[in-house]
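Written below as structure tokens is the structure these notes are about.
The values are calculated or read from the model by the stated rules, or taken from the named source; none is laboratory data. All of these numbers come straight from a predicted model, not from anything done at the bench. Using ideal geometry, Cβ is built from the backbone for each residue, glycine included, and neighbour counts are taken over all protein chains shown. Accessible surface is based on the protein model in full, side chains and every heavy atom, while ligands, DNA and RNA are left aside. Shrake-Rupley method; radii C 1.70, N 1.55, O 1.52, S 1.80 Å.
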Amino acid sequence: MKQLWEKWRPAFSTLVAAYIFFWSISGLETHEVNFAETIPRAGKIFGLMITDFDWPYMGDLILKLKDTVQMAILGTLLAALLAVPFGFLAAQNIVKRFSGVGKFLLSAIRTFPEVILAIVFIRGVGPGPLAGIFAMGIHSIGMLGKLYAEAIEAIDRGPVEALTSTGANRVQQIWFAVIPQVLPEFASYALYRFEINSRAAAVLGVVGAGGIGAPLLFAIQRPAWGRVGIILAGIIVVVSLIDIGSGWLRRKLEFRMR
């Protein structure tokens, strides 16, 4: 029976994948697209973004991009700190059978997108960057907590057992044997999340949570394609610089972990 399954497993997996694909697209509602009109129109818009570049807006753009980066930094910092207790709560080698509670909480937190959380916080604290910071921070806890838990579960048990043999209590074991091992990985994961949040921060302004999103939306609605072009160019430059800097720091941390 096992040999028969091994023989037919590739074909069965292919059929299942094909079924899932066709099931996914079967319920999509689409409308006819006239590519003869759409492609030239899109080309004209992109051309206006480049040729009508709104250079006088550069000063305001820099200020808005600064706000966006600050939102991403504070939101990531909030998540990096709050995810630590959640990570320990979800680590099976720390809380044993109660780790399922932590994993469930982290899964529940990851369910809500940043935009939905931003709308909720806007109702609570009002429009502005604070709502965006809370939205990114809370949403990021779900993923960072999961990664933290996996890092904690993968630690070397040697230092923990050595402290246990000397009579150290649970708190001392975590502080002196667990945290020193996982701290570089925690920092690496937080930097990676900062890269993601720098992109998310540019979108949250669309719903009123501060940053560059709102000016971008207003420029599209007007439409002012020259301003859209300079805003998109600014976002690309800032996100690229963040990616480069964050990647360099993560490589340094990975080198130290070795």
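Helices (runs of 4 or more DSSP H) fully within the range 153-241 that include at least 2 residues being under 18 Å from Ser140 (Cα atoms): 179-204.
If only one of Val33, Val16, Val69 is surrounded by fewer than 16 Cβ atoms within 10 Å (Cβ to Cβ) and at pLDDT 80 or above, which one is it? Steps first, answer last, please.
Working: Val33 fails: at pLDDT 80 or above; Val69 fails: surrounded by fewer than 16 Cβ atoms within 10 Å (Cβ to Cβ).
Step by step, each of Val33, Val16, Val69 is checked, and only Val16 is surrounded by fewer than 16 Cβ atoms within 10 Å (Cβ to Cβ) and at pLDDT 80 or above.
This table checks each residue for (1) out of contact with any Leu (no Cβ under 7 Å at 6 or more places or on another chain); (2) open to solvent by 60 Å² or more (accessible area, probe 1.4 Å).
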| position | (1), (2) |
| --- | --- |
| Ala149 | yes, no |
| Glu153 | yes, yes |
| Ala168 | yes, no |
| Pro184 | no, no |
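For Ser165, the test of being under 18 Å from the mean Cα position of the chain (by Cα) and either over 20 Å from Ile50 (Cβ atoms) or among the aromatic types (Phe, Trp, Tyr) (or both) is failed.
Screening Ala214 on (1) touching a residue at least 40 places away in the same chain (Cβ under 8 Å); (2) open to solvent by 10 Å² or more (accessible area, probe 1.4 Å); (3) aliphatic (A, V, I, L, M) shows it passes everything except condition (1).
Scan the range 78-92 for residues that are closer than 15 Å to Ser188 by Cβ and not small (Gly, Ala, Ser) and jot them down. Reasoning before the result, please.
Of all residues in the range 78-92, those closer than 15 Å to Ser188 by Cβ come to 79-80, 83-84, 87.
Listed by number, the list holds a single entry, Val84.
Evaluating Arg227 against the criteria (1) closer than 15 Å to Asp54 by Cα; (2) surrounded by fewer than 19 Cβ atoms within 10 Å (Cβ to Cβ) leaves one unmet condition, (2). Considering the range 87-129, the residues that are farther than 29 Å from Lys64 by Cβ, within 21 Å of the chain's Cα centre (by Cα) and aromatic (Phe, Trp, Tyr) include one that is least open to solvent (accessible area, probe 1.4 Å), namely Phe88.
Only one of the numbered conditions (1) in a loop (DSSP other than H, G, I, E, B); (2) touching a helix residue (DSSP H, G or I) at 6+ places or on another chain (Cβ under 7 Å) is not met by Pro127, and that is (2). As a summary of the residue check, Ile179 satisfies the conditions (1) farther than 28 Å from Asp243 by Cα; (2) surrounded by fewer than 16 Cβ atoms within 10 Å (Cβ to Cβ); (3) among the hydrophobic types (A, V, I, L, M, F, W, C) except for the one numbered (1).
Listed conditions (1) at pLDDT 80 or above; (2) closer than 30 Å to Phe186 by Cα; (3) surrounded by fewer than 20 Cβ atoms within 10 Å (Cβ to Cβ) are all met by Ser198, apart from (3).
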